[in-house]
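Q: Below is a structure I'd like to ask you about.
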Amino acid sequence: MSRYNQHSGSGTGSSTSGDFDDITLKLQKYSAIRVTGDRVNAFDSQYGDKFIAGFDDVEILDGIVFQRDDKLGTWKVFSPGKFFNVDPDTGKVYEQATPGDNGVEYSNEMSAQEILNHPRVIGFSETFGGNDYFYTPVGAIVEGSGDMATNNDLEVKTTSDSIVVGEVSMLLSNKSWVRALAKLITTDGDDIIAKEENDNGNMVSVTENHDWLTNMDPELREGIEGREMELFIIEETADFDGEEVQYLTPILLDDKTGERITIDNFDGDDGGDESVAESTSEPEKAAATDGGAKAASTDADSSTTSPETTDSPDEPTTADDAESDDSEGGNVPAELDDLIDYFARTDGEVEPDELREFSEDEVDDLDSIDWEAAAAEVERRA
């Protein structure tokens, strides 16, 4: 049985047993990472609230890892099931899957190297808002078969069972699994998510991009900092207000014990089904796309793969939106105003390179900005 089908949003379950700059990591469903808890932050951009989960010593345990060509500090991790077929019982990857009288029959098991060299992976790109985004494969690791391969053209570090990433920031917008994760790892718990009344009179989480967080200065929950954990996202189906909906939920495990981490078990309790069901499982209408542990279609184009409908690489910005402010004559566009305010009221200072990294989803032309001036503006406002 693979790690993805032994957990559910309403159960506790159990698990089976490099020096890089800070990476912006985008984790997709049915791929797994090992992390060490480090920090949480939030800021309100012109495109909505952003929740930031910061982790140290991040390693990829299962998935295909890509680096975005125009933003080398942005990595994305997909399940092999986005491109091929994954046996949900074993986690192994196959080129072909044929429905039969006795269930699905899998053939042509693929090694990690074959996955990495496949045209679907080498030619992977995404299109959002009329823009094409191209990616370079970093590596592939198939947990089910214990196989791993990395791109020889890149300096990729590995351990015996993982691809090493290093320090990671996850800049997260409002999604069902993001809300659940924010509840899990902040001191606010469920209170960090704004609520509203739906058409049936029930109080539900706000799903808009703006004002979905109630606290823009969150703190890491006690017991998370320095804790080694495993994180992955699964898709579930539930009845919600009389309608069957699909939604994503995060699974967070203690790396040493394999125990499911819930809101109520940070002091060593088992947590119980109730804590997970109330606090970390949140049905939300979403279209089913690729499936990781669920078999994916094999008729994808040989050079590109259609993007998931539930994710996008960037928020839209245009060059016409960039305007200079009055910070020492430097080119500091208006799009950075919210982010500069965020650093000013939290750290009070920021390195230019760090500010640039956090601005990747806010500004199109990064090279046109005077990052020294932008960092100086943070100190001026602090």
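Q: Name every residue in the range 24-52 that is in a strand (DSSP E or B) and closer than 16 Å to Ile251 by Cα, in order of residue number.
A: Scanning the range 24-52 gives Lys26, Leu27, Ala32, Ile33, Arg34, Val35, Thr36, Gly37.
Q: Any residue that is among the small types (Gly, Ala, Ser), in the same structural domain as Tyr247 (by TED's automatic domain parsing) and modelled with pLDDT of 95 or more - is there at least one of those in the range 205-228?
A: yes
Q: Does Gly123 satisfy the condition of being modelled with pLDDT of 95 or more, of a type outside the set (Asp, Glu) and touching a helix residue (DSSP H, G or I) at 6+ places or on another chain (Cβ under 8 Å)?
A: In short, no.
Q: Looking only at residues in the range 61-82 that are basic (Lys, Arg) and surrounded by fewer than 23 Cβ atoms within 10 Å (Cβ to Cβ), which one is nearest to Glu114 (Cα to Cα)?
A: The qualifying residue nearest to Glu114 (Cα to Cα) is Arg68.
Q: Continuing with this model, one more query. Filter the range 83-96 for residues that are in contact with a strand residue (DSSP E or B) (Cβ under 9 Å, 6 or more places away or on another chain) and among the charged types (D, E, K, R); which is nearest to Leu116 (Cα to Cα)?
A: Once the filter is applied, the top-ranked residue is Glu95.
Q: Of all residues in the range 164-210, which are closer than 30 Å to Gly139 by Cα and not in a helix (DSSP H, G or I)?
A: Matches in the range 164-210: Val164, Val165, Gly166, Glu167, Val168, Ser169, Met170, Leu171, Leu172, Ser173, Asn174, Lys175.
Q: Out of all the residues in the range 44-60, which are within 24 Å of Thr186 (Cβ to Cβ), among the hydrophobic types (A, V, I, L, M, F, W, C) and surrounded by 22 or more Cβ atoms within 10 Å (Cβ to Cβ)?
A: Listed by number, the residues that qualify are Phe51, Ala53, Phe55, Val58.
Q: Moving to a separate point now. Among the residues of the range 176-189, is there at least one that is loosely packed, with under 14 Cβ neighbours inside 10 Å and either closer than 29 Å to Val58 by Cα or more than 19 Å from the chain's Cα centre (by Cα) (or both)?
A: No, the range 176-189 contains no residue that is loosely packed, with under 14 Cβ neighbours inside 10 Å and either closer than 29 Å to Val58 by Cα or more than 19 Å from the chain's Cα centre (by Cα) (or both).
The values are calculated or read from the model by the stated rules, or taken from the named source; none is laboratory data. The model shown is predicted, which means the values in this text are computed figures rather than measured ones. No Cβ is skipped: glycine too gets one built from the backbone with ideal geometry, and neighbour counts run over all protein chains shown.
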